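The values are calculated or read from the model by the stated rules, or taken from the named source; none is laboratory data. As the structure is a prediction and not an experimental result, all values here were calculated from the model. Positions of Cβ are generated from backbone atoms using ideal geometry, with glycine treated the same way; all protein chains shown enter the neighbour counts. The protein model used for the area step is the full one, side chains on, heavy atoms only, and it has no ligands, DNA or RNA in it. Shrake-Rupley method; radii C 1.70, N 1.55, O 1.52, S 1.80 Å.
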Amino acid sequence: MANSFQEFLDEYTQIGCVGGEDWQWEAFTNNRATPIDGSCENAKKWLEILFKCN
């Protein structure tokens, strides 16, 4: 998930707090090899969709 709790909170909020289950975050982990990455391609696409709906 993350290297620390603070990093988790930072990255998790960057992707819009997508959900409480690990399968909901996996798309934002660069092929599941790294912690949550709020700047990965999937995160960028997800945030674009989220903000279009607003």
Any hit, the stretch 20-27, residues being surrounded by 10 or more Cβ atoms within 10 Å (Cβ to Cβ), touching a helix residue (DSSP H, G or I) at 6+ places or on another chain (Cβ under 9 Å) and in a loop (DSSP other than H, G, I, E, B): no
Residue under evaluation I36, criteria (1) open to solvent by less than 60 Å² (accessible area, probe 1.4 Å); (2) outside any loop (DSSP other than H, G, I, E, B), criterion not met: (2)
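A quick yes/no check of all residues on (1) of a type in the set (D, E); (2) at pLDDT 85 or above; (3) touching a Pro at 6+ places or on another chain (Cβ under 7 Å):
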position	(1), (2), (3)
S4	no, yes, no
T13	no, yes, no
E21	yes, yes, no
N31	no, no, no
N42	no, yes, no
E48	yes, yes, no
Any chance D10 is in a loop (DSSP other than H, G, I, E, B), charged (D, E, K, R) and surrounded by 12 or more Cβ atoms within 10 Å (Cβ to Cβ): no
